[in-house]
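Heads up, the thing below is written out as structure tokens.
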Amino acid sequence: MKRSIWSILLLILVYLMGGCGKGKETTTHKGHQEVAKQETQKPNDLDMKNLTMESIQKEGKVQEVAPGTVQITPERQQLIGVKFGTVEMRPLEKVIRTVGRVDYDEKRIVTVAPKIGGWIEDLYVDFTGRFVKQGDPLLTLYSPELVSTQEEYLIALRAKKSLTKSPFPEVAGSGESLAESAKRRLKLWDISDDQIKALEETGQSKKTLTLYSPFSGFVLEKAAYKGMNVMPGIALYKLADLSVVWLYADIYEYELPFIRLGQQASIQLSYIPGETFTGKAIYIYPSLNPETRTAKVRFEIPNSHERLKPEMYANVEIKVHLGQKLAVPEGAIIDTGLRQMAIVDKGSGYFEPREVKVGAKVENYYEVIKGLKAGERVVTSANFLIDSESKLKEAMGGMAGMEHGGHGK
């Protein structure tokens, strides 16, 4: 009897233990399902279903960034040496520096040539380089033709006096015309009015003709020698006035657009240290030197004291005022050869690489034509490192996209 009771109690115990384990297993399985469901479906995901992109940006939950934008912590910025500059409006003044060569003013060079043939008897200006003033005698020329013309003029003057007493107007007028004709010939040979007046007063013809300097200047060339036979039109002297000189400056091809006629240039010479001369651009040559890729610009320089001498070399500085322009520091521009880039500070450690277009480079600044706005901060140091990291990020993003595309297939 006792044995059957123990058998019944043992069966009841086994049943109870099996039921408890099944209940525990069921409860545990249900708990795992709830946890997995909660991990799969987060509360934020439920909220995102009811939010648009505009509402997210208004609440400040998302910051929209351009492709290639990278984020760099302040500690790392300090480590790689990041420095900043500002895009701003500023007056730009481009300075073009070059060298030049002093030369004669071609408009102030003259030649002295007699209009009548003969022989040189006296030579007053007898060496090259001598300075002569306007009206100074150069030489005397003996010309038989000149002597005969003077004799004709004196005869015409005497005939004029006698014929004016004639009662016939035609006869009286012929004496006047004959004297005027002879006088005109003398003037065509550069006989001055004073010389003709002296001839009239003395009544004696002169054996020689004196040639005078037409203006003040230095003798560049001399082809006159005492006793030589001179033909009409031969150049005996070449004179140059150095009160104004020219300077030829070589301007590079890319700087030519900044040169305008009438521009002022500061000119300094090692021959006269510490003194600056001012020249004015009067001509821009229409062709370039194919070897140096430069064009010549001619400047006119006052030289009243005649200290500037032809063939001197000079340093030339031309300042070009460009006005108020949007400018960026030179170090902010990355020139890849194909395009120009700048790294813009977007705040909160974000840096955006941006393609820009720049104009003239003036001292340590570039003129900004496109891509940047006034007030923006740009990286002026370590921008190559940031640009490299941006490109690396874009490349890694492209590779990740390709991998996801491959898995999708």
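Look at region 279-306 and say how many of its residues are within 24 Å of Lys107 (Cβ to Cβ) and open to solvent by 80 Å² or more (accessible area, probe 1.4 Å).
Here is the first cut: in region 279-306, the ones within 24 Å of Lys107 (Cβ to Cβ) are 279-287, 295-306.
Then drop every residue that is not open to solvent by 80 Å² or more (accessible area, probe 1.4 Å), which leaves 280, 283, 286, 296, 302, 304-305.
Number satisfying all stated conditions: 7.
Looking at region 42-53, can you tell me whether even one residue there is at pLDDT 85 or above and open to solvent by 100 Å² or more (accessible area, probe 1.4 Å)? Spell out how you get there, then give the answer.
Quick first cut of region 42-53, residues at pLDDT 85 or above only: none.
Checked against the condition, which is being at pLDDT 85 or above and open to solvent by 100 Å² or more (accessible area, probe 1.4 Å), region 42-53 yields no hits at all.
Quick check on region 158-172. Is at least one of its residues surrounded by 11 or more Cβ atoms within 10 Å (Cβ to Cβ), in contact with an Asp or Glu (Cβ under 9 Å, 6 or more places away or on another chain), modelled with pLDDT of 75 or more and not basic (Lys, Arg)?
No: zero hits.
Looking at region 173-180, can you tell me whether even one residue there is open to solvent by 100 Å² or more (accessible area, probe 1.4 Å) and at pLDDT 70 or above? Reasoning before the result, please.
Pass one, region 173-180, residues open to solvent by 100 Å² or more (accessible area, probe 1.4 Å): none.
Looking for residues that are open to solvent by 100 Å² or more (accessible area, probe 1.4 Å) and at pLDDT 70 or above, one finds none in region 173-180, hence no.
Mind listing whichever residues of region 97-143 are free of Cβ contacts under 8 Å to residues at least 60 places away in the same chain and aromatic (Phe, Trp, Tyr)? Give the steps one after another, and end with the answer.
Our first condition is that a residue be free of Cβ contacts under 8 Å to residues at least 60 places away in the same chain; within region 97-143, this holds for 107, 124.
Once the filter is applied, which keeps residues that are free of Cβ contacts under 8 Å to residues at least 60 places away in the same chain and aromatic (Phe, Trp, Tyr), region 97-143 yields only Tyr124.
Would you say Lys238 is of a type outside the set (Asp, Glu), surrounded by fewer than 13 Cβ atoms within 10 Å (Cβ to Cβ), out of contact with any Pro (no Cβ under 8 Å at 6 or more places or on another chain) and touching a residue at least 24 places away in the same chain (Cβ under 8 Å)? Walk me through how you get there before you give the answer.
Values: of a type outside the set (Asp, Glu): yes; surrounded by fewer than 13 Cβ atoms within 10 Å (Cβ to Cβ): no; out of contact with any Pro (no Cβ under 8 Å at 6 or more places or on another chain): yes; touching a residue at least 24 places away in the same chain (Cβ under 8 Å): yes.
Criteria not met by Lys238.
Which numbered condition in (1) over 16 Å from Gly118 (Cβ atoms); (2) of a type outside the set (A, V, I, L, M, F, W, C); (3) in contact (Cβ under 8 Å) with a residue 40 or more places away in the chain is the only one that Asp190 fails?
Status for Asp190: all satisfied but (1).
The values are calculated or read from the model by the stated rules, or taken from the named source; none is laboratory data. Quick caveat, the model's predicted, so the values are computed rather than measured. Cβ sites come from the backbone with ideal geometry, for glycine too, and all protein chains shown count toward neighbours. Surface accessibility is based on the protein's heavy atoms, side chains included, excluding ligands, DNA and RNA. Shrake-Rupley method; radii C 1.70, N 1.55, O 1.52, S 1.80 Å.
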